[in-house]
Each structure stands twice: as C-alpha cells, then as structure tokens.
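Take a look at the structure set out below.
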There are 4 protein chains.
Amino acid sequence: MGTLEKGFIIARRDKKDFKNVVNKTFASIPSVIIIIDIMSFIYRRRVQFYETDAQGVVHHSNYFRYFEEARGEFLRERGFPYSKLRSLGMEVVLLNASCEYKKPLFYDDTFEIHMNLEELTRFTFTFSYKVFKGEELICIAKTKHCVVKKGKIVSIPKEIYEILR
Amino acid sequence: MGTLEKGFIIARRDKKDFKNVVNKTFASIPSVIIIIDIMSFIYRRRVQFYETDAQGVVHHSNYFRYFEEARGEFLRERGFPYSKLRSLGMEVVLLNASCEYKKPLFYDDTFEIHMNLEELTRFTFTFSYKVFKGEELICIAKTKHCVVKKGKIVSIPKEIYEILR
Amino acid sequence: MGTLEKGFIIARRDKKDFKNVVNKTFASIPSVIIIIDIMSFIYRRRVQFYETDAQGVVHHSNYFRYFEEARGEFLRERGFPYSKLRSLGMEVVLLNASCEYKKPLFYDDTFEIHMNLEELTRFTFTFSYKVFKGEELICIAKTKHCVVKKGKIVSIPKEIYEILR
Amino acid sequence: MGTLEKGFIIARRDKKDFKNVVNKTFASIPSVIIIIDIMSFIYRRRVQFYETDAQGVVHHSNYFRYFEEARGEFLRERGFPYSKLRSLGMEVVLLNASCEYKKPLFYDDTFEIHMNLEELTRFTFTFSYKVFKGEELICIAKTKHCVVKKGKIVSIPKEIYEILR
C-alpha cells in the first residue's frame, strides 16, 4: 500500500508492501525515502478443526470471527479491553464488513492478521485486515464500527479514541 | 424403549421401538397390549454446509445446537415460546448434555429429531433425543435443564410444567 | 432499485423498492408503467438462540451463513441442489462478501432474505441480499462466487448458468 | 479423583483434588502417601465474543469445540499433530461426548482445560476434561474416540498409542 507522493515514499511495514516499496525505490531512485512507521497490529492464530467445512477449508464466515478476535486482542494490548468498555454500558456495533478471499486456509494452518486503522471520525472507526499464511496473502478485509450506549450511537469515548489515533 | 411390565406392553411411538414392540408382542403374546401414546415431538431439519467440517460430516458440536432448535420449536408449538419465558426474566440453563454418535450426517441430508421428556422434577427436566436419517439411527442424546431467575434456580414455572407433563 | 428508462418504470418486487417506484410514478406520471417481474427469491428463517451473542443480537458472522442457506435453497428449488454439483466434482467458491448492517435481529425473530442475481459472467456470479424483519430492513449484502473443479476455476456449468439466467 | 486403596493415596495433580487428598491425608493419616504424577495436560484459552450467547455466557455447544482444541494441542505437543494422522488417511471419530455444566464462562474470561486420558483400549480412547476459571470448576466432561481409515474402525496407530499411554 505504499504510495508515491512528491518524491517521497510513504510505506507501511506490511511484509509484501515493504518489499515492493524497497524494490520500487531502487528502480526509481526517489530523492527521499520516508518510511512512516504505521505498524500493523499483528495477531497470530491457528486454524481449528471445527472452523473447517466439507470443502476442507476454513468456512468464509469464520474470518469475520478471526477479525473480531484480532480487534479484541488489539484493545487488550493497548490497555483498554473491550470488556471494560462493556462494563461502562457501551457496545461496539458493526456497521459494515467486507472480505475479498484470495486463497483458502486449511486445518492446522497458522496465519497472521495484519490489522490497521483505515479511518477514524468522531463517530466511526474502520479497520483493514490482511491475512497472511507465511508470505501468501489469504484475504483482505475491512470492518467499520461505531459505539452505542443505551441503544444510541455516541461519539467514540476518549480512551478508545486515544488508542486508535 | 418398550418395557414389559406385568403382562403389559408400554411402548413409545418411535418408529423402530414401536416395530420392535409389535414384533415382540406377536412373539410373546402378552395378555394385554397397551400402547401408551407418549408421542415423540418430531423436529425436521436439513444439514447446512457451514455445519460440516473437513471430515465432510456434521461437526459433533452442532448436534447440541440442533437439540436446542428442537426444544425451541417444541415450546413454541405448545404455545409457550422460550422468548416469552425470557421476557419474564427467566432463563433455561443446561446442567448436563450427552450424546452417543452412531452414524454421521452429511451436507444436504434431511433428518428428524425425535424428542421425549425423560424426567420431570420440581426443579429439573430432562429430554432425550433420537436423530434419524430415514430409518437410520444417527445419534442418541440427553440434556438436563433447570430454570434460573436472577441467577438463582427456581421451581419450574407452572406454564412450562403443564406443557412438559 | 427501480430504474426509469424511456418513460418506462422497471421495478423489482422488493417491498420497499416497489413502494418507492409507485410513489415516484405518481409524482412523475410516466406514460407507461411496466413492472418487470424480476422476482426476488425469498428465503424465510427464524433466529436460533445459539446464533445470538452477549449483545443479545445475531452475531454478524451468522448473516453470511444465512446467505449460504438461501443460496442452497435457491439452487434446490430450481432443481439443481448444490450437493449435485459437488457430486460432479465441482465446488462453488466465495470470492467476495460484504454486508451493511442497519438493524439487529434478536432471538426468535423471523426474517426474510430477498435474494437477487446481480451479475452473471462466464466465470462468476454475484448475488445481492436484503434481509427484512417485517417491513424493517435489517441488512444489505452481496456475495460473488466462481466454480472450481480440481482446484481450477472453470466456466459456470450450463445447468447452473441456465438456472441463474 | 483421588482414590484410597490399601492404605495408599493415589492422586492426580488437579488443583482441587490434590488439596482434597492432602486434607484427607492429614485427617486420616494413612501409612503411605504416593502421589502418582499423572499430570493433566493443561490447555489455556480466552473466551471470544462470538462464543457467547444472549444469556451473556459461553454457549454450551462451544465447550465441545474447546475440548477439540485441547486434544489438537495435546497431540501437537506430543509431536504427532492430528493433521499428520489425517495425511496418513486416518480420522479420529467421536463416539461419545458428555458434559456436566457447573458454572458459566463469560466474555474475556481466561480458563484452563485439564485433560486426562481415562481409558485406552486397542480401538478406543477416552479423555476427561475439567475446565477451571482460576480455582472455580466450570464443567466436567468426557469424550470417547476411535480411529477410522477408509470408513472402517482400525486399531489405534502405534504412534498415537505410544503418545496416549
């Protein structure tokens, strides 16, 4: 997802993208290279047998469960677990979810979810996900969320906003 | 599940059992035959693709979900849906579950759950289940439940007791 | 999804859309109204307890399972069940899935999935879904698929193509 | 699961049982105490949000999935992952499963599964499970399995037998 702007290279540290950028760099020899360290949050996981289907691969619906796990781990690592938000009477609600499936995952495969914040507004936040099995890209996804209190959308609580920013 | 007591035959209307009883009857010629009509509640269902696993069969955990569906349908048909019980602040809680797996179910298979009340006390009720695919017995199971209100076990509400009796 | 072309109104029979078209019709008074009966395939379902989560609503991942059920029922009704395709050594593979969540579904809710073919090429087909609880729109979704034989994408088999067309 | 036989105390190292045994020991002062170190295999896990239901607790069906995870981890740790068995054309098939539910698990809870081999024959093996949340006993379960090759039950492969023994 590296983008070239005004002679600069802005890159994310995704394995593949980073390589691409570096390769492109040497090809095009830009004047300055700035690697902006928007580090992906990385969540590692192994495929369980009950997550497979009769095609022998992970059922597509389970990826959305993996992404939920990754979000949970992200918030916990940042010091504000989702259970804490819930204890304050708030819920994170999903507005939108999409996934582009490239390759399947099989039983016992280990994979990494590389998660990044895509967009942050006062009321919504969007994560993007890249699932890798080794170097192989499995799927690309996005989820958009808001925070709800007593059934009403509220502005994102400060603590969450600070974590996401 | 036919049992012979004092020259009587007490039979349930399960396909197989009933046949067995009738066969046994003609063999042993008891003085009196009483078919006690404890009709099984029958719930029909088709296997969904997402319920299969990489062995190509329904994952064992999903049978407990099928039994839950059957219980829900049973209560609804009897005029007291579980959602009504919940709206009164009560929950049905599972105490015990067991299943003996005989044959697998495959994608797109249709099957029947034959459900019977096994035991009813003031505080608990136990259902038994036989899953059939045509004449083939797939599995036999039991679940034991109680009713909880504000975190405490309460005696089974009259309305439910009447339905179960 | 009604579109106005050359004085004609072409409408789908989705509840809401139909209303919109009719309203628009009276506003704009076109010369002719033709309701082209691109009937949605409608799949009816009830929410099971095990499909809910601790927010008290259907977990978002389960909608993709509902859509799979709807596709299965659609193919079966058209006389070419998915299990038949599998017995010919073919699999339908998901390429893309997206869902926009508007309102939640609760335990015991009944809902309808209105399913339409959005796009059909030699190699791919795309379905769109609208989930309704009564008149209330719950979510809008799309899934894009291809057919795979021995690990390779093949052109959509004639029998499926005819059904979809 | 401590049992008193001929003046000996045979105990497993389960937290609670061990305490009970030690307490009982001082009370009854047996001549010899032998702690047979049948160490439980311990599998640690956190509850995911999608595993909860509208009662706010882990859905009962998911415990059987947790046990499957524990078995998978056990085999992997012993150097013979289940995927290896599958690559040899064999499958582990579940014959029996039962669970006694004592206390619920909630979202974000961490828990331990203490797993032991209960029985080993030429054709079958049975595991028992105790799920703990801290010191609190959540549930007790058993699963009985056999190994199947080309649809037929076969004697347990040597490699698995050695691991289990």
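Readers should treat all values here as calculations from the given coordinates under stated rules, not as data from a laboratory. In this text, all values refer to a predicted model and were calculated from it rather than measured experimentally. In this analysis, Cβ positions are derived from the backbone assuming ideal geometry, glycine residues included, and neighbour counts consider all displayed protein chains.
The table below gives the values:
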quantity	calculated
Given (1) more than 27 Å from B:Glu77 (Cα to Cα); (2) in contact with a Leu (Cβ under 6 Å, 6 or more places away or on another chain), number of the condition C:Ser40 does not satisfy	(2)
Residues satisfying the stated conditions in region A:49-61, i.e. facing chain B (nearest Cβ under 9 Å) and either surrounded by 20 or more Cβ atoms within 10 Å (Cβ to Cβ) or in contact with an Asp or Glu (Cβ under 7 Å, 6 or more places away or on another chain) (or both)	A:Phe49, A:Tyr50, A:Glu51, A:Thr52, A:Asp53, A:Ala54, A:Gln55, A:Val57, A:His59, A:His60, A:Ser61
Those residues of region A:40-64 which are of a type in the set (Gly, Ala, Ser) and touching a residue at least 60 places away in the same chain (Cβ under 8 Å), in sequence order	A:Ser40
Residue check for C:Ser61: part of a helix (DSSP H, G or I) and not basic (Lys, Arg)	yes
Test: residue in region D:95-115 that is more than 26 Å from A:Glu68 (Cα to Cα) and among the small types (Gly, Ala, Ser)	yes
The lone exception for B:Glu77 - which of (1) closer than 23 Å to D:Ala54 by Cβ; (2) in contact with a His (Cβ under 9 Å, 6 or more places away or on another chain) it fails	(2)
Matching residues in region B:40-57 - criterion: being over 19 Å from the mean Cα position of the chain (by Cα) and not polar (S, T, N, Q)	B:Phe49, B:Tyr50, B:Glu51, B:Asp53, B:Ala54, B:Gly56, B:Val57
